[in-house]
1. What number comes out for the charge environment of residue 65, summing +1 per Lys or Arg and -1 per Asp or Glu over other residues with Cβ under 13 Å away?
2. Going by a ≥ b ≥ c, the root eigenvalues of the Cα gyration tensor, does segment 8-71 fall in the rounded group (a/c under 1.5), the prolate group (a/b larger than b/c) or the oblate group?
3. If I take every Cα pair under 8 Å that is 6 or more residues apart in the chain, average their sequence separation and divide by the length, what percent do I get for the relative contact order?
Amino acid sequence: MIEPVYTEAAFQRQALTSKIETAKRLYNICRDMDIEETLELILSAETEEEEEFFSLLSDFILQRKQREAIARKEF
């Protein structure tokens, strides 16, 4: 049996695809979080960068919920 030969570029493409797929899965998981869950994330952050990332996620979720409330005229 002949083993396929993979180039470094092929390995890099696979790694990039894997990261993109992982990010998309994370989006689908995180988009339904509530504000309390994101607050827990922010409070449990181990670094300032992690805290900033979780804060951005919280802002995204809050903005989406605001748009939905406005669309339903619940303001």
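Every number in this text was worked out from the coordinates using simple rules, so none of it is lab data. Quantities reported herein were computed from a predicted structural model and do not represent experimental measurements. Here Cβ is always computed from backbone atoms with ideal geometry, including for glycine, and neighbour counts include all displayed protein chains.
1. Its environment carries a net charge of -3.
2. oblate
3. 22
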